[in-house]
Amino acid sequence: AVALDEGFLYGMPHLLLGSFHAARPPVLGGDPEVAHRHFARTEEIGGGKLLLARVFEARYYARAQLDEALFERLLREVLDASVDIAPDIRLLNAVAQRKARDLLAIREELF
């Protein structure tokens, strides 16, 4: 998907690859540096409008790196954003905000 249209749905192909590399340990194909680059590319392509990108970065990358400050910052940014930042993906952004609230509620369990 990245090769065909990396900009599809605000950079969703990069979001999926970033999540893959962040969620898996290196022995199973994961790579935190590659994950970080994919999450950054998602933000660059989507202009920060795909709020789900920050949720996935917090859940998979920040948690794997044990970076609680990044985890909280990303999720607070999602909660502070308007779901209408991109009307065509309003539902995805509303889901992202719900997931952000849920993750913040269990932060102590994750760290």
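Can you confirm whether R59 is under 24 Å from R101 (Cα atoms), within 8 Å of the chain's Cα centre (by Cα) and of a type in the set (D, E, K, R)?
Values: under 24 Å from R101 (Cα atoms): yes; within 8 Å of the chain's Cα centre (by Cα): yes; of a type in the set (D, E, K, R): yes.
Judged against the criteria, R59 is a match.
Which helices (runs of 4 or more DSSP H) sit wholly inside segment 38-111 and have at least 3 residues that are among the acidic types (D, E) and open to solvent by 70 Å² or more (accessible area, probe 1.4 Å)? First the steps, then the outcome.
On the way: elements: 52-56, 68-80, 90-105, 107-110.
It comes to none.
Counting just the residues of segment 80-107 that are of a type outside the set (D, E, K, R) and without any contact (Cβ under 8 Å) to a residue 24 or more places away in the chain, which one comes out farthest from A22 (Cα to Cα)?
P87
Which of the residues spanning segment 10-37 are farther than 13 Å from F56 by Cβ, open to solvent by 60 Å² or more (accessible area, probe 1.4 Å) and aliphatic (A, V, I, L, M)?
Answer for segment 10-37, where residues must be farther than 13 Å from F56 by Cβ, open to solvent by 60 Å² or more (accessible area, probe 1.4 Å) and aliphatic (A, V, I, L, M): V27, L28.
The values are calculated or read from the model by the stated rules, or taken from the named source; none is laboratory data. As the structure is a computational prediction, the values presented were derived from the model and not from experiment. Don't worry about glycine lacking a Cβ; one is built from the backbone with ideal geometry, like all the others, and counts go over all protein chains shown. SASA here: full protein model, heavy atoms, side chains in, ligands and nucleic acids out. Shrake-Rupley method; radii C 1.70, N 1.55, O 1.52, S 1.80 Å.
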